[in-house]
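These notes are about the structure you will find just below.
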Amino acid sequence: MEKEIKDIEGLFFEEIKDVKNLRELEEIKIKYLGKKGKIQFLLSHLKKCKKEEKPLFGKLVNDLKEEISEQIKKVFSFIHDIEEKSKLEREEIDINLPGRLKNIGNLHPVTKMMDRMIDVLVGMGFSIQKGPDLESDYYNFEALNFESDHPARDMQDTFYITEDLLLRTHTSNVQVRVMEKFSPPIRVIASGRCFRNENVSSRSHVFFHQVEGFYIDKDVSFSSLFSTMDEFWDKVFNYKIKTRYRPSYFPFVEPGMEGDIECIICKGKGCKICKNSGWLEIFGAGMIHPNVLKYGNIDPEKYNGYAFGLGIERLAMLYYGIEDIRIFTENDFRFLNQI
Ligand code: FA5
């Protein structure tokens with residue numbers, strides 16, 4: 001038995017000195033210390049020894065087991081250090097490699113246009129108010145001088161939620177809400193989403209955005225509405241664009257008008273977007289009807305005012321040269337990344 005122990009010890013030291021990597025070391029570990037390894041083999045042989053020999057041989061086997069474990073540990077940390085070092089040496093850092101580009105979010109072109117319009121109007125002295133998307137028939141129509149059976153209600157096809165609740169068809173719903181809260185002088189803008197049950201086409205959608213503006217004070221003149229609009233266009237576009245104002249009808253203004261901008265896309269020659277007219281209708285405006293002031297608890301004998309409502313998508317189409325309004329809501333990254 002003693003000879004067998006010595007032989008195994010000799011063999012172990014023979015083999016361990018040739019180990020080149022951790023995989024080979026693991027194989028040796030299993031060969032000597034594993035469940036079916038050589039130490040286990042010696043321990044099973046102990047049973048066959050004479051009783052008086054057992055303590056001595058038992059100690060020898062245990063000493064050998066400890067010696068082998070110790071040796072394996074040392075060789076392990078030695079090889080491990082070498083492997084780590086050479087791995088680091090192999091890992092070269094190429095500082096010329098370009099960094100990984102991250103996708104950076106961006107504001108939607110309609111939001112950009114809306115922010116631009118708001119910035120300009122705030123710079124002209126208007127302050128910001130908000131109104132709800134889900135609106136009562138009262139603020140969207142009745143308080144704006146649309147009688148319940150008024151044919152002008154058909155001008156704006158409406159999504160009704162209940163008999164009295166609807167998705168607002170225009171940002172003019174904010175007018176009487178603001179009048180109820182503040183006294184003149186009032187110089188306010190309100191922007192947001194509007195909804196109309198219309199056929200979708202290249203220039204009209206079922207939902208779109210408007211910016212509403214109105215000014216109520218003593219002796220507000222119709223000509224100040226024109227000068228405000230002209231100043232607004234100059235500041236939004238940063239160059240002189242061609243505009244034209246046409247008489248029009250809205251129950252909540254008198255007189256009323258609509259404003260067009262020369263189609264920037266075809267330069268007034270006529271295209272699909274401007275329906276070959278060379279112009280794109282962008283806004284409605286006029287002098288606030290006395291009845292509307294009354295609904296807002298403002299005395300029309302003392303005060304008057306103007307109001308306008310601008311379509312943001314149509315303006316964004318002209319500003320960015322976009323030919324179809326539908327593209328704003330298609331979430332196509334190829335389009336969004338361009339702007
Ligand atoms: C109105 O909505 C009035 N509230 C505007 C107004 C305000 C008049 C204050 C007088 C005083 P109109 O329906 O014309 O008016 O819409 C105004 C603008 O919103 C249009 O010129 C257009 O630019 C935009 N617009 C209207 N309908 C759509 C639609 N379906 N899709 C995209 N833009 C639209």
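The values are calculated or read from the model by the stated rules, or taken from the named source; none is laboratory data. Keep in mind the model is a prediction, meaning the values are calculated, not measured. Every residue, glycine among them, receives a Cβ derived from its backbone with ideal geometry; neighbour counts consider all protein chains shown.
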Quick check on the range 302-317. Is at least one of its residues assigned to a helix (DSSP H, G or I), over 22 Å from Arg244 (Cβ atoms) and not charged (D, E, K, R)?
no
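Residues are listed down the side, and each one gets a yes or a no for (1) in contact (Cβ under 8 Å) with a residue 60 or more places away in the chain; (2) outside the structural domain of Asp7 (by TED's automatic domain parsing); (3) loosely packed, with under 14 Cβ neighbours inside 10 Å; (4) at positive phi:
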| site | (1), (2), (3), (4) |
| --- | --- |
| Ile30 | no, no, yes, no |
| Lys48 | no, no, yes, no |
| Gly58 | no, no, no, no |
| Phe78 | no, no, yes, no |
| Glu83 | yes, no, yes, no |
| Lys102 | no, yes, yes, no |
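Consider Phe76 carefully, then state whether it is over 60 Å from the mean Cα position of the chain (by Cα), within 20 Å of Leu11 (Cβ to Cβ), of a type in the set (Phe, Trp, Tyr) and assigned to a helix (DSSP H, G or I).
Numbers: over 60 Å from the mean Cα position of the chain (by Cα): no; within 20 Å of Leu11 (Cβ to Cβ): yes; of a type in the set (Phe, Trp, Tyr): yes; assigned to a helix (DSSP H, G or I): yes.
So Phe76 does not fit the description; no.
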Determine if the range 279-295 includes at least one residue that is in a loop (DSSP other than H, G, I, E, B) and either among the hydrophobic types (A, V, I, L, M, F, W, C) or more than 8 Å from the ligand (Cβ to nearest atom) (or both).
yes
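Listed here are the residues, each with its yes/no results for (1) within 32 Å of the chain's Cα centre (by Cα); (2) within 12 Å of the ligand (Cβ to nearest atom); (3) of a type in the set (Asp, Glu).
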| site | (1), (2), (3) |
| --- | --- |
| Ile186 | no, no, no |
| Ile189 | yes, yes, no |
| Phe195 | yes, yes, no |
| Phe208 | yes, yes, no |
| Tyr215 | no, yes, no |
| Leu225 | no, yes, no |
Which one is farthest from Arg187 (Cα to Cα), of the residues in the range 227-240 that are under 32 Å from the mean Cα position of the chain (by Cα) and in a loop (DSSP other than H, G, I, E, B)?
Tyr239
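Could you list all residues from the range 245-272 that are assigned to a strand (DSSP E or B), within 13 Å of the ligand (Cβ to nearest atom) and not aliphatic (A, V, I, L, M)?
Taking the range 245-272 as the starting set, the residues that turn out to be assigned to a strand (DSSP E or B) are 245-248, 253-262.
When the remaining residues are screened for being within 13 Å of the ligand (Cβ to nearest atom), the result is 245-248, 253-261.
Of everything in the range 245-272, those that are assigned to a strand (DSSP E or B), within 13 Å of the ligand (Cβ to nearest atom) and not aliphatic (A, V, I, L, M) turn out to be Tyr245, Arg246, Pro247, Ser248, Glu254, Pro255, Gly256, Glu258, Gly259, Asp260.
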Kindly list, by first and then second residue, each pair from a residue in the range 299-314 that is in the same structural domain as Phe207 (by TED's automatic domain parsing) to a residue that is assigned to a loop (DSSP other than H, G, I, E, B) and within 13 Å of the ligand (Cβ to nearest atom), limited to pairs with Cβ atoms under 6 Å and residues at least 6 apart or on different chains.
Gly309/His170
Log entry, pairs with first residue in the range 225-247 being surrounded by 11 or more Cβ atoms within 10 Å (Cβ to Cβ), second being polar (S, T, N, Q) and at pLDDT below 95, beta carbons closer than 8 Å, six or more apart or on different chains, reads Met229/Thr243; Asp230/Thr243; Trp233/Thr243
Please specify each residue of the range 148-183 satisfying the condition of being assigned to a loop (DSSP other than H, G, I, E, B) and either touching a residue at least 60 places away in the same chain (Cβ under 8 Å) or outside the structural domain of Asp299 (by TED's automatic domain parsing) (or both).
His150, His170, Ser183
